[in-house]
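In what follows, a single structure is set out as structure tokens and then discussed.
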Amino acid sequence: QVQLVESGGGLVQAGGSLRLSCAASGSIFSVSTMGWYRQGPGKQRELVATIGSGGITNYADSVKGRFIISRDNAKTVSLHMNSLKPEEDAVYYCSAALQVTVVARWSNYWGQGTQVTVSS
């Protein structure tokens, strides 16, 4: 069974920084893209950043220059968030596109989410 577990969420003041981490575990054959999404109160889930297996990154325009996504290894991803804004108060979800076996279809998996609370 595949698990994606996020950590690092918590309370931070506006302008502060926070580092989120996500580790995939279980029966996994291969992982391609990993990323972070977030969903604030009354809002739709939105992409924050992604990183491919080769290290190519993609960021939402709203976080460019402030957030950095990194691939610690094939199954671990981190999100370094700087200069956090109150409107970025949200549940942050880790995602991964992976195969559980060599013959399995590529599927997207999601973590349970970690709350990031930004005080104003």
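The values are calculated or read from the model by the stated rules, or taken from the named source; none is laboratory data. The model shown is predicted, which means the values in this text are computed figures rather than measured ones. Using ideal geometry, Cβ is built from the backbone for each residue, glycine included, and neighbour counts are taken over all protein chains shown. Accessible surface areas use protein heavy atoms only, side chains included; no ligands, DNA or RNA. Shrake-Rupley method; radii C 1.70, N 1.55, O 1.52, S 1.80 Å.
What the Cβ-Cβ distance of Ser32 and Ser119 gives, at R0 = 35 Å and to the nearest 0.05, is a FRET efficiency of 0.45. Rounded if a/c is under 1.5, else prolate if a/b beats b/c, else oblate: with a ≥ b ≥ c from the C-alpha gyration tensor eigenvalues square-rooted, which is the chain? Because a/c hits 1.5 or more and a/b exceeds b/c, the chain counts as prolate. The label point for Ile68 and the one for Leu47, both projected 7 Å from the Cα toward the Cβ, are 2.2 nm apart. Overall, the accessible surface of segment 53-103 at a probe of 1.4 angstrom is composed of carbon and sulfur to the extent of 54 percent.
A simple rule links phi to the HN-Hα coupling: the Karplus curve 6.51 cos²θ - 1.76 cosθ + 1.60 with θ = phi - 60°, which for segment 78-93 gives 10, 10, 9, 10, 10, 6, 4, 10, x, 5, 9, 5, 6, 8, 9, 10 Hz, with x for Gly and Pro. Across the options Val48, Ala90, Ser120, the greatest Cα extent toward the positive end of the charge dipole of the chain (unit charges at beta carbon of Lys, Arg, Asp, Glu) belongs to Val48.
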